[in-house]
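Colleague: I am attaching a structure below and will ask some questions about it afterwards.
The values are calculated or read from the model by the stated rules, or taken from the named source; none is laboratory data. Given the structure is predicted, the values throughout are model-derived calculations rather than measurements. Here the Cβ is made from the backbone with ideal geometry for all residues, glycine too, and neighbour counts use every protein chain on show. Note: areas computed on protein heavy atoms with side chains; ligands, DNA, RNA excluded. Shrake-Rupley method; radii C 1.70, N 1.55, O 1.52, S 1.80 Å.
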Amino acid sequence: MDVATLRTQLKNAHPAPLYLVLGTQQVLLDQARAAFLALVPEAERVMNVGSYDLEETDLATALDDAQSAPFFGERRLVLLNKPAFLTGNGSRGKVKQDPELLLNYLKAPQPSTVLVILAPYEKLDGRKAVVKALKKQAVQVSAAPLSEQDARRLIQARVQQAGFHFGSGALDELVRRTNADYGLMMAHLPQLQLLAYQSKEIDSASVQGLVAQSLDENVFDLVTAVLQRHQEQALGLYRELLAAQQQPLQINAVLVSQFRLLLQVKILAARGLSQATLAKQLKVHPYRVKLAAQTVQRFTLPALSQAYLGLVRIEKALKTTNRTPELLFQLFLLQYSQKVS
């Protein structure tokens, strides 16, 4: 289930004895944690809520707490954070954990305890017996990065619940400037709502003024200008990045990364892979794959390859020559335009 469903269930039904919250979207992990904390009255939390970092604390200590009866309350809540021993990279952390302890607890969970495992990872190691048992018995909650569609839906709902609404194009602008990252969008909502306190309308101008474009987003505009052979526009965007104190090597590295993604999407999409599959295989956000797929439709594989190789040469030149970054980029634009003409 997702975190929104979890919140609804915890409000309307008796909680299960065991939950597994798995995923790398920190804002969703935080929302899940808050939903579980709401199960215990604030006055009882000091005595009936335990939170343990399993990279720092022995599992035995945490499970001893879970086995304890609640102190003058209905239930005890125990949160197990960062269970790296459940992943394929279980060596992380100062403490070596014994998975058998958790396996034994799973055989007879304490009925008055809600045990929550908060795992900020993409996946667990399904080969491990403890992981198999955990997935079989626990209620599983996803904290994986949201798709663009789901992020839009949740942000829209959150804004409406607060008594605000998005003006024309404002939500689109927020999605574009955050690369559809739900965590980033959530982080900017308080500022946007504060600015729209009187009108209750979050407009595009407010988003543009408060939400800075990431380097990736600025570079994406630059990539488009390069591919369209708009030399003056491309050089102007490059100068703006330099004026914003972006390092030439960093700018070039992001450019190389963007063109590498375009090449990968162009090649793999031609083999019939869906955008969702591409995002999973390339391990990039689905929104970036969506933009890349829209871009590569307009350009040939040779054109993308020429740009990529030209940028790789710039990286070498930045490290080995005394030419200015701006001159190197200008020469790249000239050479690229000539080759694809």
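Colleague: Please identify every one of the chymotrypsin sites (Phe, Trp or Tyr not before Pro) in the stretch 57-108 that sits in a loop by DSSP and has no more than 16 other beta carbons within 10 Å of its own beta carbon. List each step's numbers first, then the result.
Modeller: On the way: sites: Phe71, Phe72, Phe85, Tyr105; in loops: Phe71, Phe72.
Passing both the DSSP loop test and the Cβ count: Phe71, Phe72.
Colleague: Students often get this wrong, so try it: which of (1) 25, 45, 27, 4; (2) 25, 48, 22, 5, 1; (3) 31, 58, 11, 0 is P(r) over Cα pairs in 20 Å bins from 0, in percent as calculated from the structure shown?
Modeller: (1)
Colleague: Projected onto the charge dipole of the stretch 99-213 (+1 at Lys/Arg Cβ, -1 at Asp/Glu Cβ, origin at the Cα centre), which of Ala151, Ser206, Leu103 gives the Cα projection farthest towards the positive end?
Modeller: Leu103
Colleague: Please sort by residue number the chymotrypsin sites (Phe, Trp or Tyr not before Pro) in the stretch 150-219 whose DSSP state is loop and whose Cβ has at most 14 other Cβ atoms within 10 Å. Don't skip to the answer; put the middle values down first.
Modeller: Numbers: sites: Phe164, Phe166, Tyr182, Tyr197; in loops: Phe164, Tyr197.
Within the stretch 150-219, the qualifying chymotrypsin sites (Phe, Trp or Tyr not before Pro) (loop, at most 14 other Cβ atoms within 10 Å) are Tyr197.
Colleague: Round to a whole angstrom and tell me the spacing of the C-alpha centers of the stretch 169-244 and the stretch 280-325.
Modeller: Centre-to-centre distance over Cα atoms comes out at 21 Å.
Colleague: Where a ≥ b ≥ c are the square roots of the eigenvalues of the C-alpha gyration tensor, would you call the stretch 77-207 rounded, which needs a/c under 1.5, or, failing that, prolate if a/b is larger than b/c, or oblate?
Modeller: It is prolate, given that a/c is not under 1.5 and a/b is the larger ratio.
Colleague: Same structure, new question: Suppose accessible area is computed on protein heavy atoms with a 1.4 Å probe; arrange Glu100, Glu240 from highest to lowest. List each step's numbers first, then the result.
Modeller: Working: Glu100 100, Glu240 120 Å².
Final ranking, largest accessible area leading: Glu240, Glu100.
Colleague: Using Cα centres only, tell me the gap between the stretch 1-62 and the stretch 140-155 in whole Å.
Modeller: The distance from the Cα centre of the stretch 1-62 to that of the stretch 140-155 comes to 19 Å.
Colleague: From the Cα gyration tensor of the stretch 1-66, with a ≥ b ≥ c the square roots of its eigenvalues, which class applies: rounded if a/c is under 1.5, or else prolate if a/b is larger than b/c, or else oblate? Please report the intermediate quantities before stating the final value.
Modeller: Values: a/c = 1.85, a/b = 1.25, b/c = 1.48.
It comes out oblate by the Cα gyration axes.
Colleague: Now, a different point. Which loop chymotrypsin sites (Phe, Trp or Tyr not before Pro) in the stretch 294-341, with loop taken from DSSP, have no more than 16 other Cβ atoms within 10 angstrom of their Cβ?
Modeller: Values: sites: Phe299, Tyr308, Phe329, Phe332, Tyr336; in loops: Phe299.
Qualifying residues, ordered by number: Phe299.
Colleague: A further question follows. Mind listing P(r) for the stretch 40-149? All alpha-carbon pairs, 10 Å bins, whole percents.
Modeller: The distribution over the stretch 40-149 is 14, 44, 31, 10, 1, given as percents.
Colleague: Calculate what fraction, in whole %, of the accessible area of the chain sits on carbon and sulfur atoms when a 1.4 Å probe is rolled over the protein chains.
Modeller: Values: 9070 of 17650 Å².
Reported share for carbon and sulfur atoms: 51 percent.
Colleague: Next up: Does the stretch 196-341 come out rounded, prolate or oblate, given a ≥ b ≥ c as the square roots of the eigenvalues of its C-alpha gyration tensor, rounded meaning a/c under 1.5 and, failing that, prolate meaning a/b above b/c?
Modeller: Values: a/c = 1.97, a/b = 1.15, b/c = 1.72.
Oblate is the answer for the stretch 196-341, as a/c is 1.5 or above yet b/c matches or exceeds a/b.
Colleague: Let me ask something else about it. With θ taken as phi - 60° and the coefficients 6.51, -1.76 and 1.60, list the Karplus ³J(HN,Hα) couplings across the stretch 191-201 in order, rounded to whole Hz; mark glycine and proline as x.
Modeller: My calculation for the stretch 191-201 gives 5, 5, 5, 5, 5, 9, 4, 7, 7, 6, 10 Hz in order.
Colleague: So which residue, out of Thr300, Thr61, Thr320, gets the largest mean-square fluctuation from a GNM of the chain using Cα contacts under 10 Å as springs?
Modeller: Answer for the Gaussian network model of the chain: Thr320.
Colleague: At 1.4 Å probe size, with every protein chain present, just tell me what the per residue accessible area of the stretch 245-330 comes to in Å².
Modeller: Details: 4860 Å² over 86 residues.
Averaged over the residues of the stretch 245-330, the accessible area is 56 Å².
Colleague: For the stretch 243-301, just the Cα set please: Rg and Dmax, both in angstrom.
Modeller: Considering the stretch 243-301 through its Cα atoms, Rg and Dmax are 12.8, 42 Å.
Colleague: Can you give the Rg/Rh ratio of the stretch 131-229, where Rg is from the C-alpha atoms and Rh is the Kirkwood radius? Mind showing how you got there, number by number?
Modeller: Details: Rg = 17.1 Å, Rh = 15.3 Å.
So for the stretch 131-229, dividing Rg by the Kirkwood Rh gives 1.12.
Colleague: What does the accessible area of Thr277 come to, in Å² to the nearest 10, when a probe of 1.4 Å is used?
Modeller: 60
Colleague: Step through the residues of the stretch 163-172 one at a time and calculate ³J(HN,Hα) from phi using the Karplus curve (6.51 cos²θ - 1.76 cosθ + 1.60, θ = phi - 60°), rounding each to whole Hz and writing x for Gly and Pro.
Modeller: x, 10, 8, 8, x, 4, x, 5, 5, 4
Colleague: Let me ask something else. Using per-residue counts of other Cβ atoms within 10 Å, averaged over each peptide, order 118-126, 241-249 from highest down. Each step should come with its number before you reach the end.
Modeller: Details: 118-126: 17.1, 241-249: 13.6.
The packing order, highest mean first, is 118-126, 241-249.
Colleague: While we're looking at this one, here's another question. Which cross-chain or sequence-distant (5 or more) residues have an amide H under 5 Å from the amide H of Lys128, H modelled 1.01 Å from N in plane?
Modeller: Here nothing satisfies the definition.
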